[in-house]
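Student: Pasting a structure below so you can have a look.
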Amino acid sequence: MSIAALKEMFQEMVIKKDASLIPKYYHQDFLLYTNGQKWDYTQMFEMHEKIYKTPIQYEIAYDAQTFVEKENKLACKIWITTSRPNEQPTKLELILIAEYKEGKIFRLWELTYPDWSQLPAFES
């Protein structure tokens, strides 16, 4: 897959907070491995639907020197800055590896610092 496809997903789905685009970018058999947790497609979809309804905002920055593509896999380092009203923004550093199947993200392995799942903005 291409770097452009990953950037498009972040621009169109994440920044615009459009959970209806998840089926466009993520394979139905998707699995996410993040900071020791494992999420399936349904869990990821439901979490994004819930979070995107909040006033959270996202900014994405890419470390262009870290992009590596090989066949159906892509690896890179990015920063996602989250912000909510009346809170200081939080800058997350991510190392990710995405595996594509049928043109969609099939597997995603990521490490984030700080751990996004421990932040108030993502509490259940």
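Throughout, read-outs are computed from the coordinates displayed, never taken from laboratory work. Bear in mind that the values here come from a model prediction, so they are computed numbers and not experimental data. Glycine also receives a Cβ, built like all others from the backbone with ideal geometry; neighbour counts cover every protein chain displayed.
Student: Taking neighbour Cβ counts within 10 Å as the exposure measure, how do 33, 58 sort from fewest upward?
Tutor: Numbers: 33 14, 58 17.
By the 10 Å Cβ count, ascending: 33, 58.
Student: Next question, about the same structure. Using a Cα-Cα cut-off of under 20 Å, which aspartates and glutamates could be cross-linked to residue 50, ignoring same-chain neighbours fewer than 8 residues away?
Tutor: Of all the aspartates and glutamates, those that pass the test against residue 50 - Cα under 20 Å, at least 8 places apart if same chain - are 12, 18, 40, 59, 87, 115, 123.
Student: Students often get this wrong, so check it: of 16/77; 17/38; 17/77; 17/70, which have C-alpha atoms separated by over 27 Å? Let's see the in-between values first.
Tutor: On the way: 16/77 21 Å; 17/38 22 Å; 17/77 21 Å; 17/70 29 Å.
Violating the 27 Å Cα-Cα cut-off are 17/70.
Student: Also, quick follow-up: Return a whole-number percent for the relative contact order of the chain, with Cα pairs under 8 Å and 6 or more residues apart as the contact set.
Tutor: Values: 208 pairs, mean separation 31.7, N = 124.
That works out to 26 percent.
Student: From the Cα gyration tensor of the stretch 8-79, with a ≥ b ≥ c the square roots of its eigenvalues, which class applies: rounded if a/c is under 1.5, or else prolate if a/b is larger than b/c, or else oblate?
Tutor: Working: a/c = 1.69, a/b = 1.24, b/c = 1.37.
Judged from the Cα gyration tensor, the stretch 8-79 comes out oblate (a/c at least 1.5, b/c at or above a/b).
Student: Okay, next question. So how far, in whole Å, is the C-alpha centre of the stretch 30-73 from the one of the stretch 83-124?
Tutor: Taking the Cα centre of the stretch 83-124 as reference, the centre of the stretch 30-73 is 5 Å away.
Student: May I ask you to sort 68, 14 by Cβ crowding, counting other Cβ atoms within 10 Å and putting the fewest first?
Tutor: Working: 68 10, 14 18.
Ascending Cβ contact count within 10 Å gives the list 68, 14.
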